[in-house]
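The values are calculated or read from the model by the stated rules, or taken from the named source; none is laboratory data. Keep in mind that this is a model prediction, so the values were computed, not measured. Cβ placement follows ideal geometry from the backbone for every residue including glycine, while neighbour counts extend to all protein chains displayed. We work out accessible area using only protein heavy atoms, side chains counted, and drop any ligands, DNA or RNA first. Shrake-Rupley method; radii C 1.70, N 1.55, O 1.52, S 1.80 Å.
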Amino acid sequence: ENPEEMARFDARIDADGRIEPQDWMPEAYRKTLVRQISQHAHSEIVGMLPEGNWISRAPSLKRKAILIAKVQDEGGHGLYLYSAAETLGTSRDQLLEGLHSGRAKYSSIFNYPTLTWADVGVIGWLVDGAAIMNQIPLCRCSYGPYARAMVRVCKEESFHQRQGYEALLVMMTGTEAQKAMVQDAVNRWWWKCLAMFGPPDADSPNSAQGMRWGIKRISNDDLRQKFVDATVPQAKVLGITLPDPDLKWNEARQHYDYGQIDWAEFWNTVEGNGPCNKERLSTRVKAHTDGQWVRDAALAYTRKQQERAMK
Ligand code: FAQ
């Protein structure tokens, strides 16, 4: 690596400038961005599945239309992010091969089942809520295409979060059974959402370099704390209890204290052994295989157009 180019790159990062695709960058910077953007893109694509399962069972036409729009947005986010990764020289085919072979990671959160309609609301409220908390700082990430993609993604995530919260508010004005359904879904998702932010800072191998490069702006633990602090008052308005006996306001810290996350369970899921990992991956692979004819047809059409243009 050329020391002069390296110095220029470091100076740009230190000045909080943006790195663009045509700029020189260290291979390790490129690699870490492809790693993170690929994981992020795959999360959006696999993230369509748990809620997608409820499109045919949504309780009203209105809820169905909202859910279809939301799931479609997630697909759009995935495509945006694959495009951002392509600007770093990794093709869509390479990225998909990583996902389909089980080598590439995606967020742990999408390996848990959506058992009732309340899960759809809770995913919007808590999973999208956590996603926004993590993604807002990424709008200021040092890599231009990733940062710019995040602006629109965050706006859409914010709609997703609100629709989930609103669906839950409505359920909480319903019958005892409906309220119990919401509480049960919150009980099952709460701890998994806290783990979404990644391992504690002390056990996060990529954090120091990611922060140095301006890819990560706020640490895993700090984002997790911000999420807890923002969510507790929302839970009160909703009238549900967050399933953590240690959750309490700490006057000295000016933050909520919270209990221990089960990291062994988290890693087990990240490593492929969560309740739905196999189902999610096989559904994705099947969708891709079933779509082969569409890609073939699109390519054949393009070839035909090119041949005509040459005549
Ligand atoms: N799941 O050293 P760190 C959404 C891995 S939101 C699985 O702390 P880093 C929207 C990590 O990759 C979800 N693996 O890593 C939606 C690393 O492994 P590696 C997607 C996890 O990168 C809502 C190892 O642990 N959002 O999709 C997780 O500095 C509703 C060590 O960790 C993003 O991807 C996890 N939760 O920080 C869609 C945001 N956490 O690569 C549908 C962008 C950590 O060394 C419905 N990503 N790992 O083998 C990031 O901000 C970062 O990558 C972190 C992890 C914060 C996730």
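Summary of values
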quantity: Residue-level accessible surface for Phe197, protein heavy atoms, 1.4 Å, Å²; calculated: 10
quantity: Rounded, prolate or oblate (a/c below 1.5 giving rounded, otherwise prolate when a/b exceeds b/c) for segment 94-186 by Cα gyration tensor; calculated: oblate
quantity: Debye equation applied to the C-alpha atoms of segment 250-311, log10 I(q)/I(0) at 0.18, 0.20, 0.26 Å⁻¹; calculated: -0.82, -0.87, -1.01
quantity: Contour minus Cα-Cα distance for Glu97 and Gln306 (0.36 nm per residue); calculated: 72.4 nm
quantity: The chain shape via C-alpha gyration tensor axes, a/c threshold 1.5; calculated: oblate
quantity: Of Lys31/Lys105; Lys179/Lys226; Lys192/Lys248; Lys105/Lys216; Lys64/Lys286; Lys105/Lys192, pairs whose Cα-Cα distance is over 21 Å; calculated: Lys179/Lys226; Lys64/Lys286
quantity: Pairwise FRET efficiency - Ala208 versus Asn187, Cβ, R0 = 45 Å, nearest 0.05; calculated: 0.80
quantity: Percent RCO, i.e. relative contact order, over the chain, from Cα pairs under 8 Å lying at least 6 residues apart; calculated: 19
quantity: Relative contact order of segment 99-168, defined on C-alpha pairs under 8 angstrom at six or more residues apart (%); calculated: 40
quantity: Distance from segment 33-57 to segment 256-286 (C-alpha centre basis), Å; calculated: 14
quantity: Global geometry of segment 185-228, whether rounded, prolate or oblate, following the gyration tensor of its Cα atoms and the 1.5 cut on a/c; calculated: prolate
quantity: Average projected area [Cα convex hull, segment 79-136], square nanometres; calculated: 5.2
quantity: Average silhouette area of segment 39-175, convex hull of alpha-carbon atoms, in square nanometres; calculated: 8.4
quantity: Contact order relative to length of segment 103-224, as percent, for alpha carbon pairs under 8 angstrom and 6 or more apart; calculated: 33
quantity: Formal net charge of residues neighbouring Val153 (Cβ-Cβ distance under 12 Å; K, R +1; D, E -1); calculated: -3
quantity: Label-point gap, in nm, between Asn250 and Ser158 - each point 7 angstrom along Cα→Cβ; calculated: 3.0
quantity: Once the Cα gyration tensor of segment 146-305 is diagonalised, semi-axes √(5λ) in Å; calculated: 35, 24, 18
quantity: Given charges at Cβ of Lys, Arg, Asp, Glu: the chain dipole, positive-most of Tyr256, Ser107, Val228; calculated: Ser107
